[in-house]
Amino acid sequence: MKSSKKFHTSNPEPASAIDRSVPDIPAAQLSDEDRYFRAHKPPQYLDEIAGLVQEFVDFHAESGKPVVLVTSGGTTVPLENNTVRFIDNFSAGTRGATSAEYFLEAGYAVVFLHREFSLLPYSRHYSHTTNCFLDYMTEIDGKIEINPDYAADMLKVLRKYNQARESRSLLLIPYTTVNQYLYTLKAVAEIMQKLEAKALFYLAAAVSDFFLPSSRMPQHKIQSRDQEGGKLVVNLEQVPKFLSRLVENWAPGAMIVSFKLETDESILLSKAKSALDKYQHQLVIGNLLQTRKREVVFVTPDGETKWVKLSAEDAAADKEIEALIIPEVVRYHQAWVRQHSS
Ligand code: PAZ
């Protein structure tokens, strides 16, 4: 597995949730994107990441393997340049990391653009659990061994992990802030353009809708004594809606799947449909915060809606909803490739 662990993008702590109380704003025009990228600097490591992605894409383009960009995890919105405080959201990257494993099993090469320190494919089975990692080990005859209670399952995961490494099918690319996410998404998408219809974008990251522009970001830690009335008032701006730029300019020809998260079921379908109208991409997968691990809804531009749900038996057997989502997405993508092959 290619890992870009030398890039450290953060030191985050999960915190609050996405604010859905404001209505959607219209799709960004080219000028919004231009204005954003002119006003915000790229991450210093971006060229190195672009080099890794280029190498990965060239390698798989040669063999004709489809490549999926999976985005995963939340984003942080720093409130200070030397960041002590930031705004965050709930996403641990479960959807993204789990989906990446199923895409690998389905024969895809995966660029995994993830929030640093959120869940990773394969290691997710052992990180962020209620077990301490030492519980997976035991001492036998003065030597450390895998606890036999977990050994059989761990072997299965290890084999899949090794298979992904040996076939060079998984590239891990981290980000932390919204700015790092946007710059990296743009760079990766532009490199993936050469894959045309064989490129798939699966945008599961929970990207903040709001940010503090760098022009208004204090250099140092905000001091409580400087705040009027002792209150910290944070005035955030809306992150431009970059999905239409992805569809039209960064990845024309690719199939693009976005996720829509809501907490109010009564608006989920209408929000998913309006995202398709606005951005003109191929598929929205809607989910509710409360039920996202057991059901999602597929919404397509022709107005079709299809719920995908774990049955009671599936849930009892610890089946993951991504085991149902990914084959469905792959079917859509295969049809897209057929439709676009000359
Ligand atoms: O990371 P997680 O598994 O806890 O949550 C996944 C999710 C709900 C963030 C994802 O399925 C999703 O809906 N992402 C898009 C969120 C949005 O911007 O609407």
Out of (1) away from the ligand (no atom under 16 Å from the Cβ); (2) of a type outside the set (D, E, K, R); (3) at pLDDT 95 or above; (4) out of contact with any Asp or Glu (no Cβ under 7 Å at 6 or more places or on another chain), what's the single condition that is false for L119? (1)
Out of T305, T300, I need the residue that is surrounded by 15 or more Cβ atoms within 10 Å (Cβ to Cβ) and either of a type in the set (V, I, T) or more than 16 Å from the ligand (Cβ to nearest atom) (or both). Which one? T300
Could you check L232 against (1) without any contact (Cβ under 8 Å) to a residue 60 or more places away in the chain; (2) away from the ligand (no atom under 13 Å from the Cβ); (3) assigned to a helix (DSSP H, G or I) and say which number it fails? (3)
So which residues in segment 115-141 are of a type in the set (D, E, K, R), open to solvent by 50 Å² or more (accessible area, probe 1.4 Å) and part of a helix (DSSP H, G or I)? D135
When both residues are 6+ apart or on different chains and their Cβ atoms are under 8 Å apart, which pairs have a first residue that lies in segment 319-336 and is touching a residue at least 24 places away in the same chain (Cβ under 8 Å), and a second that is among the basic types (K, R) and assigned to a helix (DSSP H, G or I)? E322/R95
Residue satisfying all of: in segment 257-279; within 13 Å of the ligand (Cβ to nearest atom) and assigned to a helix (DSSP H, G or I); surrounded by the most Cβ atoms within 10 Å (Cβ to Cβ) among these: A272
Just to check your reading of the model, which residue among L185, L170 is crowded, with 22+ Cβ neighbours inside 10 Å, away from the ligand (no atom under 14 Å from the Cβ), under 30 Å from S341 (Cβ atoms) and not β-branched (V, I, T)? L170
Being within 16 Å of the ligand (Cβ to nearest atom), open to solvent by 30 Å² or more (accessible area, probe 1.4 Å) and either within 22 Å of the chain's Cα centre (by Cα) or at positive phi (or both) is the requirement here; does L324 meet it? yes
Residue by residue through segment 188-220, note down the ones that are open to solvent by less than 20 Å² (accessible area, probe 1.4 Å) and in a helix (DSSP H, G or I). V188, A189, M192, L195, A197
Considering K156, K160, which residue is under 30 Å from A199 (Cβ atoms) and over 23 Å from the mean Cα position of the chain (by Cα)? K156
Any residue at all in segment 329-342 that is surrounded by 14 or more Cβ atoms within 10 Å (Cβ to Cβ), within 16 Å of the ligand (Cβ to nearest atom), within 18 Å of Y102 (Cα to Cα) and not basic (K, R)? yes
Is it true that I144 is farther than 26 Å from P327 by Cα and in a strand (DSSP E or B)? yes
Quick one: count up the residues across segment 42-101 that are open to solvent by less than 40 Å² (accessible area, probe 1.4 Å), within 15 Å of the ligand (Cβ to nearest atom) and part of a helix (DSSP H, G or I). 7
Whether any residue in segment 243-256 is within 16 Å of the ligand (Cβ to nearest atom), open to solvent by 40 Å² or more (accessible area, probe 1.4 Å) and part of a loop (DSSP other than H, G, I, E, B) is what I want to check. no
Before we move on, is V284 in contact (Cβ under 8 Å) with a residue 40 or more places away in the chain and either under 24 Å from M192 (Cα atoms) or not in a strand (DSSP E or B) (or both)? no
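The values are calculated or read from the model by the stated rules, or taken from the named source; none is laboratory data. These figures come from a predicted structure and were not determined experimentally. Here the Cβ is made from the backbone with ideal geometry for all residues, glycine too, and neighbour counts use every protein chain on show. Ligands, DNA and RNA are excluded from the accessible area calculation, which covers all protein heavy atoms including side chains. Shrake-Rupley method; radii C 1.70, N 1.55, O 1.52, S 1.80 Å.
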